[in-house]
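Data block below; observations after.
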Amino acid sequence: TLIYFVAAMLAPWIAPYGVNEIDVAGALAPPSSAHWFGTDELGRDVLSRVLVAGSTSLSIAVAAVAFALVVGLALGAIAGYRGGWVDAALMRVVDVMFAFPVLLLALAIVAIFQPGQATTTIAIGVVYTPIFARVARASTLSVRTSPFVQVSQTMGTRAPVILVRHVLPNISGPIVVQTSLSLAFAILSEAALSFLGLGIQPPAPSWGGMLFTAQGFLTQAWWMSVFPGAAIFVTALAFNLVGDGLRDILDPRQRTLIEARRTR
């Protein structure tokens, strides 16, 4: 994951060629010392496009998950802490959003507005907001009956202060894990939207867009599909592994299970 972050941040500087640098004479060239990942149908360097596409994909995923985290955390924490009609009203909104498949809801949002990086970011952020809201609400419900919260309520501490000082720090574990997992799915969602032509628009490189173009050259240039596909797979796998590791570290039940296995 760290390697991916570094490569994504430095992509504009470490890419050996311009992402839209066309060389018709060198089109569909296989991997070589000059072009490690080969070239596409226009002679553009596949390695350079994979690197820059990774940078774009990461920026979209981080911005979208940050949006979903802030909005979903606020909705879930307020619903779980307040309870009653506030909880019922907010969760009904979340349930309505959950009723739509993730990709279908994202497609609907992108279709309403003009496709592009900003629209893709908003669409992915909106569809992952309910997930954070559910996680935050469930965690808040288990914390709001804790002695330190009840003492603060007895002392007349305002609800926003209790949420910031006592509730949020104690529900950070599940939120951190969900953030890591959501980054992986955000990467996949961006690739899917770009593959369908509703995400990053050409000539800007995107992993999904590169896979779409590669469909017509599967028998002639396997590298056009293999390397972007491998980038998506490895990136999503890395974020999922980080999420699993964080869950083992931050979840007390998981730590207990791990310690029990070690003592056998």
The lone condition Phe185 fails out of (1) among the aromatic types (Phe, Trp, Tyr); (2) within 23 Å of Ala77 (Cβ to Cβ); (3) touching a Leu at 6+ places or on another chain (Cβ under 9 Å) is (3)
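What about Val46, is it closer than 27 Å to Leu193 by Cβ and surrounded by fewer than 19 Cβ atoms within 10 Å (Cβ to Cβ)? Can you show your working first?
Details: closer than 27 Å to Leu193 by Cβ: yes; surrounded by fewer than 19 Cβ atoms within 10 Å (Cβ to Cβ): no.
No; evaluated as a whole, the condition is false for this residue.
Among Gly173, Gly197, Gly156, which is the only one that is open to solvent by less than 60 Å² (accessible area, probe 1.4 Å) and modelled with pLDDT under 80?
Numbers: Gly173 fails: modelled with pLDDT under 80; Gly197 fails: modelled with pLDDT under 80.
Among Gly173, Gly197, Gly156, only Gly156 is open to solvent by less than 60 Å² (accessible area, probe 1.4 Å) and modelled with pLDDT under 80.
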Are there any pairs with C-beta distances below 9 angstrom linking a residue in the stretch 105-134 that is open to solvent by 10 Å² or more (accessible area, probe 1.4 Å) and at pLDDT 90 or above to a residue that is small (Gly, Ala, Ser) and not in a helix (DSSP H, G or I), with the two at least 6 apart or on different chains, and if so which?
Thr119/Gly199
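Do you know which residues across the stretch 20-38 are in contact (Cβ under 8 Å) with a residue 60 or more places away in the chain and over 20 Å from Val234 (Cβ atoms)?
Applying the first criterion (in contact (Cβ under 8 Å) with a residue 60 or more places away in the chain) to the stretch 20-38 yields 20, 28, 30-31, 37-38.
Once the filter is applied, which keeps residues that are in contact (Cβ under 8 Å) with a residue 60 or more places away in the chain and over 20 Å from Val234 (Cβ atoms), the stretch 20-38 yields Asn20, Leu28, Pro30.
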Residue by residue through the stretch 147-171, note down the ones that are in a helix (DSSP H, G or I) and in contact (Cβ under 8 Å) with a residue 12 or more places away in the chain.
Phe148, Val149, Ser152, Ala159, Ile162, Leu163, Arg165, His166, Val167, Leu168, Asn170
Need pairs with beta-carbon distance below 8 Å; first residue more than 13 Å from Thr179 (Cβ to Cβ) and within the stretch 57-78, second charged (D, E, K, R) and surrounded by 21 or more Cβ atoms within 10 Å (Cβ to Cβ); sequence gap 6+ or separate chains.
Ser57/Glu190; Ile60/Glu190; Leu75/Arg137; Gly76/Arg137; Ala77/Arg137
Result of the Cβ filter at 9 Å on the stretch 87-102, keeping first residues that are under 21 Å from Thr140 (Cβ atoms) and partners that are at pLDDT 90 or above and open to solvent by 80 Å² or more (accessible area, probe 1.4 Å), at least 6 apart or interchain, is Met91/Arg134; Val94/Arg134; Phe98/Arg134
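Results for (1) part of a helix (DSSP H, G or I); (2) not basic (Lys, Arg), shown as yes or no for each residue.
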{"site": "Pro16", "(1), (2)": "no, yes"}
{"site": "Ala29", "(1), (2)": "no, yes"}
{"site": "Ala34", "(1), (2)": "no, yes"}
{"site": "Arg49", "(1), (2)": "yes, no"}
{"site": "Ala63", "(1), (2)": "yes, yes"}
Anything in the stretch 218-249 that is open to solvent by 70 Å² or more (accessible area, probe 1.4 Å) and over 23 Å from Val52 (Cα atoms)? List them, or say none.
Thr219, Gln220, Leu241, Arg247, Ile249
Among residues belonging to the stretch 57-98 that are under 30 Å from Asn20 (Cα atoms) and touching a Phe, Trp or Tyr at 6+ places or on another chain (Cβ under 9 Å), point out the one that is surrounded by the fewest Cβ atoms within 10 Å (Cβ to Cβ).
Leu58
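The values are calculated or read from the model by the stated rules, or taken from the named source; none is laboratory data. The model shown is predicted, which means the values in this text are computed figures rather than measured ones. With ideal geometry, Cβ positions are generated from the backbone for all residues, glycine too; neighbour counts draw on all protein chains shown. Protein only, heavy atoms only, side chains kept; ligands, DNA and RNA dropped before computing areas. Shrake-Rupley method; radii C 1.70, N 1.55, O 1.52, S 1.80 Å.
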